[in-house]
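In what follows, a single structure is set out as structure tokens and then discussed.
The values are calculated or read from the model by the stated rules, or taken from the named source; none is laboratory data. Remember, it's a predicted structure, so these values are computed and weren't measured experimentally. Here the Cβ positions follow ideal geometry from the backbone for every residue, glycine too, while neighbour counts run over all protein chains shown.
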Amino acid sequence: MRVLGINAVFHDPAAAIVVDGELLAAAEEERFSRRKHGKEPVPFSTWELPLQSARWCLREAGLEAGDLDAIAYSYDPALAPAAGEDITANEWEGLRTLFAERAPRFLQSALPGLDPSRVRFVAHHVAHAASCGPASPHPTCAVLVLDGRGERGSHLAGRYREDGSLEVLASQRLPQSLGLLYEELTDHLGFRRSSDEYKVMAMASYGEPAFLDDLRGLVRATGNGGFVAERVDWASYAPRLARGGDDWTPRHADLACSVQRRLEEVLLDLARWLHERTGERALTMAGGVALNCVANMRLFEESPFEDVWVQPASGDSGTALGAALHVARELGDEPRPMRSAALGRSWNDDELASWLDGAGIVYERPDDLPGTVADVLAADGVVAWFQGRSEFGPRALGHRSLLAHPRTPATTARLNEVKGRESFRPVAPMVLAERAAEIFAGRLPSPYMLFTHRVAEEWLDRIPAVAHVDGTARIQTVDREEEPLVAALLERFEERTGVPVVVNTSLNTAGRPMVDDPRDALECFGSAPIDLLAIGPFVVRRPGSEAALGRALQEVGAR
Ligand SMILES: [Fe+2]
């Protein structure tokens, strides 16, 4: 069966294609449109479909729209609030429902040949659930969806049985929502809702849980799989911050810390309830809240589940993938686990060479690409690394990455400058899977950067750029079989420096979506102080940076 998955309703529009139960490709619309998060998260943008990513998914699978057996749309307007029972008090809500109902005809007009009667609506949280349970390596598992909102709910708890069916055990109705609670705090702290929640998580580690007692009264599990999240008068704890969140004080960090801590406690309560009900060994998670890697670490370490697996595209983009897997199963296919998050576009060597020729830029093809890149990194250079298929989801995982040496906190400052980010934001390390346990404690392996790990004491001053203020790091472990080129780079870097860890952050500049195609890579390289672009087998050097790096390299060698 050939199933196209579509996420369009709230934010992060995306498309995915599943053929005979196998996930062939998935992409977020922002990577094509170059509009961060694809569109505004407002009801009247529901008509905006992820058309460029959908067309690319079809091309990638060698299909025409008329070949599709089904189109899986990750929202069911039949479950949406009826007129007059507007649970979010948003007067535009009816428009969202109307646009979702009309989606089959919108799709038909935009993708000629598509049969609108083949569009199937999938409940939003079922789509999230199918993005983690069936996509995970666990044949049976418990599933927890933790979201801002779906049609009428904000959460789903259940299990995937051996036959691949989903049993829903609990769901929390709106307006109670852990995701919206965190979004409100994000907004109060001057950051962008449904986008910048990770900044709040980073700020939390600078604070103390000074308001935890109050929050325990306002936000609590109810003992039946659900929870209560009452409205919080944020300003009574810390004044509202202007856009950008630059003027934050210790009180703001304390508020972020208190909410973060309470979220972790409630998630642990929900996980304990779910374990008691299911007795499953593994917990799988999706929904925007599942991107909270500090909470994920606590669930892994303190919940009764032996393993925790999180969908790397846990935000709404992942519902395109989940809806497609769910419908594939409904049509009789057996969905297979995803093997990698590298589900996006790629270009072959000839195509890359012609992009570079077209840009009229000087480039070379080194015999030893990982060694050449390792030389620049060892000399404290910043490298743009563009290799293979782009990642699906918000994390760079060694395909569209900015790389650097982790030995000095100045690296963090320099990368944050390249990316125009807040100074408190940590950068993350990548490490070979077999070396990770020497340096990091926590859930290993961790291929998708969805957990935090404690950095071993003796490594803290060797890799300070990747250790957050609380001594943790959000690591990516690199599997030698799956990522041979990144593994070779890590080895060459260690040969030169004695350090088996490289800083990895997403390849983009401030406020822009991650680099996806070669033009994006060249624009990013051209507009930021990056020393080397490694694009496929080719490298482009920044004129003038070589001398400075050469001097630095001599110093390294002299030590
Ligand atoms: Fe969602």
Inset, instruction - From the list Val455, Val427, Val469, Val501, pick out the single residue that is under 28 Å from Glu28 (Cα atoms) and not polar (S, T, N, Q). - result: Val427
Inset, instruction - Output the residues belonging to segment 271-304 that are within 16 Å of the ligand (Cβ to nearest atom) and assigned to a helix (DSSP H, G or I). - result: Gly288, Val289, Ala290, Leu291
Legend entry - Selection within segment 235-270 - in a loop (DSSP other than H, G, I, E, B) and charged (D, E, K, R): Arg240, Arg243, Asp246, Asp247
Legend entry - Of all residues in segment 293-326 being small (Gly, Ala, Ser) and farther than 23 Å from Gln260 by Cα, the one that is surrounded by the fewest Cβ atoms within 10 Å (Cβ to Cβ): Ser317
Inset, instruction - Scan (1) modelled with pLDDT under 95; (2) more than 16 Å from the ligand (Cβ to nearest atom) for the single condition Asn224 breaks and write down its number. - result: (1)
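Against the condition within 16 Å of the ligand (Cβ to nearest atom) and of a type in the set (Val, Ile, Thr), how does Val259 come out, does it pass?
Values: within 16 Å of the ligand (Cβ to nearest atom): no; of a type in the set (Val, Ile, Thr): yes.
Criteria not met by Val259.
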Inset, instruction - Taking Ala78 as the residue in question, decide whether it is in a helix (DSSP H, G or I), of a type in the set (A, V, I, L, M), farther than 29 Å from Trp309 by Cα and away from the ligand (no atom under 16 Å from the Cβ). - result: yes
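Residue-wise test of (1) away from the ligand (no atom under 16 Å from the Cβ); (2) under 23 Å from Leu4 (Cβ atoms); (3) over 23 Å from the mean Cα position of the chain (by Cα).
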site: Arg105; (1), (2), (3): yes, yes, yes
site: Arg120; (1), (2), (3): yes, yes, yes
site: Cys141; (1), (2), (3): yes, no, no
site: Asp147; (1), (2), (3): no, yes, no
site: Arg152; (1), (2), (3): no, no, yes
Inset, instruction - Look through segment 154-173, keep the residues that are in contact with an Asp or Glu (Cβ under 9 Å, 6 or more places away or on another chain) and closer than 22 Å to Arg220 by Cα, and return whichever of them is farthest from the ligand (Cβ to nearest atom). - result: Gly158
Legend entry - Index of the failed condition, Ser131 passing every other in (1) of a type in the set (Ser, Thr, Tyr); (2) under 17 Å from Val3 (Cα atoms); (3) more than 16 Å from the ligand (Cβ to nearest atom): (3)
Inset, instruction - Find all pairs meeting these conditions: Cβ atoms under 8 angstrom apart; at least six residues apart or on different chains; first residue within segment 11-23 and closer than 10 Å to Phe392 by Cβ; second residue in a strand (DSSP E or B) and of a type in the set (D, E, K, R). - result: Ala14/Glu28
Legend entry - Any pair with Cβ under 9 angstrom, 6 or more apart, that starts in segment 340-368 at a residue that is closer than 30 Å to Met449 by Cα and outside any loop (DSSP other than H, G, I, E, B) and ends at one that is at pLDDT 95 or above and not hydrophobic (A, V, I, L, M, F, W, C): Asp349/Arg365; Asp349/Gly536; Asp349/Pro537; Leu352/Pro518; Leu352/Gly536; Leu352/Pro537
Inset, instruction - Hey, can you tell me all the residues within segment 1-15 that are within 16 Å of the ligand (Cβ to nearest atom) and surrounded by fewer than 24 Cβ atoms within 10 Å (Cβ to Cβ)? - result: His11
Inset, instruction - From the list Pro543, Pro513, pick out the single residue that is buried (at least 17 other Cβ atoms within 10 Å of the Cβ) and of a type outside the set (Val, Ile, Thr). - result: Pro513
Inset, instruction - Residues being assigned to a helix (DSSP H, G or I) and in contact (Cβ under 8 Å) with a residue 40 or more places away in the chain: count how many of those fall in segment 50-67. - result: 11
Legend entry - Qualifying residues in segment 220-234 (those that are small (Gly, Ala, Ser) and in a loop (DSSP other than H, G, I, E, B)) - the one surrounded by the most Cβ atoms within 10 Å (Cβ to Cβ): Gly225
Legend entry - Answer from Ala235, Ala253 - the residue that is over 20 Å from Leu178 (Cβ atoms) and touching a helix residue (DSSP H, G or I) at 6+ places or on another chain (Cβ under 6 Å): Ala253
Legend entry - Complete set of residues in segment 143-172 that are in contact with a Gly (Cβ under 9 Å, 6 or more places away or on another chain), charged (D, E, K, R) and touching a residue at least 24 places away in the same chain (Cβ under 8 Å): Asp147, Arg149, Arg159
Inset, instruction - State yes or no: is Ala456 more than 24 Å from the chain's Cα centre (by Cα) and aliphatic (A, V, I, L, M)? - result: yes
Legend entry - Segments classed as strands (runs of 3 or more DSSP E), wholly inside segment 467-539, with at least 1 members that are under 17 Å from Tyr448 (Cβ atoms) and among the polar types (S, T, N, Q): 476-478, 501-506
Inset, instruction - Name the single residue, out of those in segment 377-426 being modelled with pLDDT of 95 or more, of a type in the set (D, E, K, R) and part of a loop (DSSP other than H, G, I, E, B), that is surrounded by the fewest Cβ atoms within 10 Å (Cβ to Cβ). - result: Arg389
Inset, instruction - Return yes or no: is Ser136 among the polar types (S, T, N, Q) and within 14 Å of the ligand (Cβ to nearest atom)? - result: no
Legend entry - Hits in segment 437-466 (condition: out of contact with any helix residue (DSSP H, G or I) (no Cβ under 7 Å at 6 or more places or on another chain), free of Cβ contacts under 8 Å to residues at least 40 places away in the same chain and either buried (at least 24 other Cβ atoms within 10 Å of the Cβ) or under 17 Å from Asp307 (Cβ atoms) (or both)): Ala437, Phe440, Ala441, Ser446
Inset, instruction - Look through segment 316-335, keep the residues that are outside any helix (DSSP H, G or I) and away from the ligand (no atom under 11 Å from the Cβ), and return whichever of them is nearest to His11 (Cα to Cα). - result: Pro335
